[in-house]
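Q: Before we start, here is the structure in question, set down as structure tokens.
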Amino acid sequence: MASVAHTLGDGAVVARRNLIKIKRVPELLLWTTMSPIMFVLLFGYIFGSAIVLQGTTYREFLIAGIFAQTVVFGATFTGAGMAEDMQKGIIDRFRSLPMARSAVLVGRTASDIAYNSISLVVMSLTGLLIGWSISTNALEALGGYLLLLFFAYAVSWVMAYVGMLVSSPEAINNASFMVIFPMTFIANTFVPIDNFPSVLKTVAEWNPVSTLAQAVREAFGNTDPSMYNTDAWSLHNPIVYTLIWIVILLVIFIPLSVRQYQKTAARSK
């Protein structure tokens, strides 16, 4: 069994290999960042002129929701990348090398942290241009960004597992869209949930995307207690609830992903 240091070292090599794609195919990063920029501009200027919130502006409310949606969607690159490597036979090449088996997964999920970090920087700059601001201190703001990346990292392991079960990158893109799209919209990402139908409101209150967005708003100082009329424990303790989900996803899907990778490698012998 490979040591932790060996696994991390091999994982860093795989992560570097994945990041080199940015240099060789810059269009990949361009289109990755264009979508959240469009969301920020379109929602900020179209809905921003129609929605009035207590305690904050709609544009300040919006940014954390766009951040949450983007990092969740960004995690799908892990699954698509795994599916693509399997389809092209690259996993077979990795298997023939003297490297830790789990390094492929570690490297893939780590490289997607870099993708999401770049997206967050671009979106932050776009947000500042349309009037968004951070009213807390640098440490609290950094905590908000780290929570976004940790959550994205946990979702990446889910996507890695799914990516090894499907037959192509197109399949995982379609499948993840069908799940993640409603997950990010039945939440407080773009509008407050107070006027949701009762069933949808309950789902939104306990949706980890809602608590992620809420926690980030609090970290940036973009919220006010009077904005939410809810008794849900999750939204009153968004950081704790989001961290619980992160731990649950990692505890379940890291072992599942490693086991599935080993099964896949064994079948290809």
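The values are calculated or read from the model by the stated rules, or taken from the named source; none is laboratory data. Every value quoted in this text rests on a predicted model; they were computed, and no experiment measured them. Glycine also receives a Cβ, built like all others from the backbone with ideal geometry; neighbour counts cover every protein chain displayed.
Q: Could you give every pair whose Cβ atoms fall below 8 Å, whose first residue belongs to the stretch 31-47 and is aliphatic (A, V, I, L, M), and whose second residue is surrounded by fewer than 19 Cβ atoms within 10 Å (Cβ to Cβ) and at pLDDT 75 or above, counting only separations of at least 6 or pairs across chains?
A: Cβ pairs passing all conditions: Ile37/Val122; Val40/Ile130; Leu41/Ile130.
Q: OK, next. Exactly one condition in (1) polar (S, T, N, Q); (2) surrounded by 13 or more Cβ atoms within 10 Å (Cβ to Cβ); (3) farther than 21 Å from Met34 by Cα is false for Ser135; which is it?
A: The single condition Ser135 does not satisfy is (2).
Q: Which residues, taken from the stretch 150-173, are buried (at least 19 other Cβ atoms within 10 Å of the Cβ) and among the aliphatic types (A, V, I, L, M)?
A: Ala152, Ala154, Val155, Val158, Met159, Ala160, Val162, Met164, Val166, Ile172
Q: Could you list, in sequence order, all residues of the stretch 36-54 that are among the β-branched types (Val, Ile, Thr) and either in contact with a strand residue (DSSP E or B) (Cβ under 7 Å, 6 or more places away or on another chain) or surrounded by 11 or more Cβ atoms within 10 Å (Cβ to Cβ) (or both)?
A: The answer is Ile37, Val40, Ile51.
Q: State yes or no: is Tyr228 at pLDDT below 95, in contact with a His (Cβ under 9 Å, 6 or more places away or on another chain) and crowded, with 17+ Cβ neighbours inside 10 Å?
A: yes
Q: Within the stretch 46-68, track down each residue that is small (Gly, Ala, Ser) and more than 26 Å from the chain's Cα centre (by Cα).
A: Result: Ser49, Ala50, Gly55.
Q: Filtering the stretch 174-203 down to residues that are of a type in the set (Val, Ile, Thr) and touching a residue at least 40 places away in the same chain (Cβ under 8 Å), which residue is nearest to Gln214 (Cα to Cα)?
A: Among those that are of a type in the set (Val, Ile, Thr) and touching a residue at least 40 places away in the same chain (Cβ under 8 Å), it is Thr189.
Q: Could you please give the count of residues in the stretch 112-130 that are over 10 Å from Ile37 (Cβ atoms), over 16 Å from the mean Cα position of the chain (by Cα) and in contact (Cβ under 8 Å) with a residue 24 or more places away in the chain?
A: Residues that pass the stated criteria total 1.
Q: Whether any residue in the stretch 74-83 is among the hydrophobic types (A, V, I, L, M, F, W, C), at pLDDT 85 or above and not in a helix (DSSP H, G or I) is what I want to check.
A: No, the stretch 74-83 contains no residue that is among the hydrophobic types (A, V, I, L, M, F, W, C), at pLDDT 85 or above and not in a helix (DSSP H, G or I).
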